[in-house]
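Below is one structure, written out as structure tokens; comments come after it.
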Amino acid sequence: MTQQNPSGDPITGWWTEAVIYQIYPRSFADSDGDGIGDLPGITARLDHLVDLGVDAVWLSPFYPSPQADAGYDVSDYRDVEPLFGRLPDADKLITEAHSRGLRVIVDLVPNHTSSAHPWFAAALAAAPGSPERARYVFRDGRGPAGEQPPNDWQSVFGGPAWTRVVDPDGQPGQWYLHLFDTGQPDLNWDNPEVRTEFLDILRFWLDRGVDGFRVDVAHGLVKQADLADWREPQEILSGREEEDKPRPPMWDQDGVHEIYREWRRVLDSYPGERILVAEAWVEPAERLARYVRPDEMHQAFNFEYLLASWTAPAQYAVITRSLEATDSVGAPTTWVLSNHDVVRHASRLGLPVGTPRPNGIGIGDPQPDAALGLRRARAATLLMLALPGSAYLYQGEELGLPEHTTMPDEARQDPTWARSGHTQRGRDGCRVPIPWEADAPSYGFGPTDASWLPQPAVWAEYALDRQRDVPGSTYEMYRTALRLRREYALGRSALRWRESGDAVLIFDNGGLTVLTNFGEAPVPLPAGAEVLHSSAPLTDDGAVPTDVTVWFRA
Ligand code: NOJ
Ligand code: MG
């Protein structure tokens with residue numbers, strides 16, 4: 001399983017094997033003490049990423065926004081939200097990152113704008129059928145007085161996916177579609193004006209030097225033309241779809257691919273290697289692979305991998321399937337365990353194996369086993385970082401950070417919590433500002449105690465300064481892994497399985513052998529094995545204990 005394009009040439013480029021670190025700007029580093037992370041805060045902490053050894057950063061949105069969905073509701077695509085800084089701060093961040101050899105990927109949110117975007121204000125002020133309304137998805141309601149939504153689609157955050165507007169004369173009017181929050185009206189991608197606008201937005205950031213775009217909800221832009229009823233729950237983050245089920249009319253429509261082909265032509269017209277990364281919750285892997293055909297995007301997040309259970313057969317299956325699917329279109333595979341939308345893997349893996357992925361964990365919920373979760377998270381990370389392809393890390397996972405699973409509900413800000421009628425806690429628990437110094441205010445997140453989400457007391461023991469230069473700390477485990485990954489070219493080598501049983505996985509890659517023990521009994525290493533790295537200490541007689549990954553030379 002090597003990475004080749006269909007003509008048999010090896011695929012090259014920094015992104016094929018890059019380790020890309022996700023920064024969630026609100027929660028990374030706060031320079032001005034207002035409790036909200038910002039761009040100058042990020043710039044001041046770039047050396048941390050160099051020390052860690054990543055290749056690139058991806059920044060979640062920092063554009064002007066009412067923050068109805070933490071910045072995924074953009075009101076101006078060509079500027080910086082004042083909470084996070086100003087446009088020159090973005091320019092400085094890009095320059096400073098580049099001077100350290102780090103690439104910069106920014107987030108692009110094309111499925112919807114904010115309801116505070118000037119286009120939406122114009123749409124509300126204009127009449128049904130006007131060009132202003134045609135940039136969004138406005139429809140008359142059903143029922144005698146149009147009092148029912150146009151179809152039965154549900155918002156991913158809960159509640160109906162339609163909101164009725166009040167016309168300028170004060171009368172109830174049409175409805176608009178929002179697959180997410182009411183503050184995030186969906187754009188109409190059948191409208192050429194929308195397409196042209198986004199080509200221009202791409203150029204705006206490419207001209208400022210960004211190395212690529214992470215494309216939000218890449219599987220959602222085009223809707224089935226008749227907006228037919230769906231009658232199913234509407235989860236973006238749902239598990240594997242059954243193969244024989246019809247595709248939902250709002251996701252993964254074939255029409256999205258033409259959009260990305262056009263974008264690819266724009267990126268290819270720029271010097272350097274600029275990339276497009278699809279956030280597409282699409283299964284099975286073969287459907288996802290269509291987003292990374294040679295003339296479309298470069299990468300797609302591998303959420304099937306993130307969702308796979310912690311068992312040897314499940315991990316073997318997802319790794320094999322992922323490599324096969326991307327090989328079939330000549331794209332590199334990607335791997336990810338955590339991001340700003342899911343329970344952090346140090347906590348997720350501390351729930352009993354087979355627990356459905358929770359949408360947040362709060363007071364009163366079954367609590368993860370923190371020690372077990374961290375042990376498994378470390379083993380999962382070393383397994384992931386030994387795989388060929390590109391890997392995504394989420395800020396704080398290099399510290400072994402758990403989810404904040406006892407956050408007071410009144411502190412929660414994710415619209416999911418309110419929109420689900422307080423049944424889904426949502427994503428705040430993985431978005432808590434991260435700890436840098438154990439004894440500083442806000443654990444060094446900023447110069448004051450302020451933190452937009454409360455930091456749990458356990459943050460002190462996870463702080464970077466408690467882990468740096470401490471042998472065996474999670475931070476040092478990541479650093480060593482990233483160094484060896486580079487040294488042994490693991491990202492661009494070929495994986496060969498040696499063993500894929502019920503309890504143990506073993507594969508070769510780039511001159512290393514990797515073993516993960518999922519079983520109960522310790523597993524001996526071959527005689528003469530030279531251990532280069534492990535996620536936890538071996539037994540006294542040199543065997544690999546339960547929930548441990550080892551990198552060795554046989
Ligand atoms: C996916 C983003 O990752 C998530 O945070 C956001 O809420 C939705 N897209 C809507 O933009
Ligand atoms: Mg700030």
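The translational diffusion coefficient of the chain, from Stokes-Einstein at 10 °C and 1.306 mPa s with a Kirkwood hydrodynamic radius over alpha carbon pairs, comes to 66 µm²/s. In terms of the mean number of neighbouring beta-carbon atoms within 10 Å, the peptides 188-197, 280-289 order highest first as 280-289, 188-197. Computed about its Cα centre, the charge dipole of the range 118-177 is approximately 160 debye, with only Lys, Arg, Asp and Glu carrying charge at their Cβ. Sorting the segments 327-338, 379-390 by their mean number of nearby beta carbons within 10 angstrom, highest to lowest, gives 379-390, 327-338.
Charge tally for LEU512 (other residues, Cβ to Cβ under 14 Å; Lys, Arg +1; Asp, Glu -1): +4. Beta bridges assigned by DSSP with both partners in the chain are antiparallel in approximately 55 percent of cases. Looking at the range 34-193, the DSSP beta bridges with both ends there are about 70 percent antiparallel.
Counting neighbouring Cβ atoms within 10 Å and putting the fewest first, the residues VAL432, VAL50, VAL106 line up as VAL50, VAL106, VAL432.
Read-outs throughout are calculated quantities, based only on the coordinates presented, and are distinct from any laboratory measurement. Because the structure is a prediction, the values reported are computed rather than measured. Positions of Cβ are generated from backbone atoms using ideal geometry, with glycine treated the same way; all protein chains shown enter the neighbour counts.
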